[in-house]
Amino acid sequence: MNQEGVVAEDWDERLLVSIGSMKMMVEKSDVRREACAAKAPRTATGGTDARMAAAGRTAAALDVRGKRYAEAEPLVERWIDDALLAGNSPLRLIHGKGTGLLGRGLQEHLRAHPAVTSIRYGTEEEGSTGVTIVELRS
């Protein structure tokens, strides 16, 4: 298959690749890196640009329902990094109720995260035990 795609997410041995409006999971061994177009030169306001870019792609909520912990953890990490750059807090992590394993695993991860000051389950109005509210340091 000889098409250009963009890696949307990296899940260890597999990648979520975007090709136009289509997304597909592929094995890393089936993908090769190619040179990309030259990037625009960085300006003196690089930090501001990064914050603006993060603010544009950061949502106050992340839905990881149906994912396994190994799939959800890197998404949560990227989400927290973007939220820190954008100054977003509190955050709403939607993991669903199910067996509770995903929510408990992510909460354990978040408790050890240096950027997280507190976590709690959502109230009934926020989604109860299917949601974790995350407060980040400022």
Quiz item: How far, in nm, would the chain grow between ASP10 and GLU71 when pulled straight, counting 0.36 nm per residue and subtracting the alpha carbon separation?
Solution: 21.1 nm
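Nearest 5 percent is fine: what portion of the DSSP beta bridges confined to segment 46-136 is antiparallel? Don't jump to the answer; show the numbers that get you there.
Details: 9 of 12 bridges.
DSSP beta bridges in segment 46-136 are roughly 75 percent antiparallel.
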Self-check item: Average silhouette area of segment 94-138, convex hull of alpha-carbon atoms, in square nanometres
Solution: 3.0 nm²
Quiz item: How much length is gained on full extension from VAL26 to ALA60, taking 0.36 nm per residue of separation minus their Cα-Cα distance?
Solution: 9.3 nm
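With an 8 Å Cα cut-off and a minimum separation of 6 or more residues, compute the relative contact order for segment 63-138 in percent.
Details: 99 pairs, mean separation 26.0, N = 76.
Relative contact order, segment 63-138: 34 percent.
Bear in mind these aren't lab numbers, they're just calculated from the coordinates by the rules spelled out. From a predicted model like this one, the values you see are computed outputs, not experimental measurements.
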